[in-house]
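The values are calculated or read from the model by the stated rules, or taken from the named source; none is laboratory data. Note that this is a predicted model, so its numbers are computed, not measured. Cβ coordinates were reconstructed from backbone atoms using ideal geometry, including for glycine residues, and neighbour counts include every protein chain displayed. Heavy atoms of the whole protein, side chains included, go into the accessibility calculation; ligands, DNA and RNA do not. Shrake-Rupley method; radii C 1.70, N 1.55, O 1.52, S 1.80 Å.
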Amino acid sequence: MKEIICKNLCVSFPIINKFFLLNKKKVTKKKLSNFTVKALDCVNITIKKGDRVGLLGRNGSGKSTFLRSLAGVYIPDSGILTINSPVESLFELNVGTDEDATGYENIPLLMASRQIEMSKYDEVVKDIEDFTELGDALNRPLRTYSQGMKLRIAFAIATFKQNNQILLMDEVINVGDKQFRKKSDNRIKKMMNKAGSLVLASHSAAILKTHCSRGIIFEEGKIIFDGSINEAINYEI
């Protein structure tokens, strides 16, 4: 089954500078392209169910833009993007939080952002209490938390559903101290194994070799290689 199909997918971002702001009335549609950068340039790719895809390339090559396009964060300028299965992404974890609300009060907000049914609220709360080990801190406003504490709650909710058809990841997340990282790593591995398909961007050859069998290299918004993960790693080097 083809879970992801991209045909001539293009995504551009505007470049707003002083010259543009001063001269925007004089800028024609033809010249407008001079004030945009193509983050994805006519990308063509098919990802089938069961594929474990590693995305490689330098910073700014298009990996993260591609992932966020699949997640619906960025809307393509042109081309066709077809996704035939539910998608779960492990980035932008803190989207939807309220700094003045307590940890407990933020749980339904994060559940809504992750499209987790409110009927599972009690189950989610119990999971967060057990997994995050935050204790009484869950009764305090989020603004009193360290970044690591905030990430624990967001990570717990983001990884609560572990039966995803398509899992998107931008680097493997490290949460908390050494002991807690082992706990979160085990949770991520379980989630990866249950995913129907995995698309993972990473700069770590070890992580890519462990979790991926296919490698795609991006350069300046284009795909320049698509093959086995070992060939992709060697190609990039």
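In a loop (DSSP other than H, G, I, E, B), under 27 Å from Arg68 (Cα atoms) and charged (D, E, K, R) - does that describe any residue in segment 171-180?
Checking segment 171-180: at least one residue is in a loop (DSSP other than H, G, I, E, B), under 27 Å from Arg68 (Cα atoms) and charged (D, E, K, R).
Which members of segment 122-137 meet the condition of being surrounded by fewer than 20 Cβ atoms within 10 Å (Cβ to Cβ) and either at pLDDT below 90 or among the aliphatic types (A, V, I, L, M) (or both)?
Val125, Leu134, Ala137
Each row is one residue, and each column tells you yes or no for (1) open to solvent by less than 40 Å² (accessible area, probe 1.4 Å); (2) farther than 21 Å from Thr132 by Cβ; (3) in contact with a helix residue (DSSP H, G or I) (Cβ under 6 Å, 6 or more places away or on another chain).
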{"position": "Thr159", "(1), (2), (3)": "yes, no, yes"}
{"position": "Ile173", "(1), (2), (3)": "yes, no, no"}
{"position": "Lys178", "(1), (2), (3)": "no, no, no"}
{"position": "Ala201", "(1), (2), (3)": "yes, yes, yes"}
{"position": "Ile223", "(1), (2), (3)": "no, yes, no"}
{"position": "Gly227", "(1), (2), (3)": "yes, yes, no"}
{"position": "Ile233", "(1), (2), (3)": "yes, yes, yes"}
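Determine if segment 70-83 includes at least one residue that is under 24 Å from Lys48 (Cβ atoms), exposed (fewer than 14 other Cβ atoms within 10 Å of the Cβ) and not small (Gly, Ala, Ser).
yes
Against the condition open to solvent by less than 60 Å² (accessible area, probe 1.4 Å), assigned to a loop (DSSP other than H, G, I, E, B) and either in contact (Cβ under 8 Å) with a residue 40 or more places away in the chain or not charged (D, E, K, R) (or both), how does Thr46 come out, does it pass?
No, not satisfied.
Does segment 120-127 contain at least one residue that is assigned to a loop (DSSP other than H, G, I, E, B) and more than 22 Å from Asp185 (Cα to Cα)?
Looking through segment 120-127, none of the residues is assigned to a loop (DSSP other than H, G, I, E, B) and more than 22 Å from Asp185 (Cα to Cα).
I need the full set of residues from segment 185-199 which are among the polar types (S, T, N, Q) and buried (at least 21 other Cβ atoms within 10 Å of the Cβ), in order please.
Matches in segment 185-199: Ser197 only.
Does Gly96 fit the bill of being surrounded by 16 or more Cβ atoms within 10 Å (Cβ to Cβ) and part of a loop (DSSP other than H, G, I, E, B)?
Spelling it out, Gly96 is indeed surrounded by 16 or more Cβ atoms within 10 Å (Cβ to Cβ) and part of a loop (DSSP other than H, G, I, E, B).
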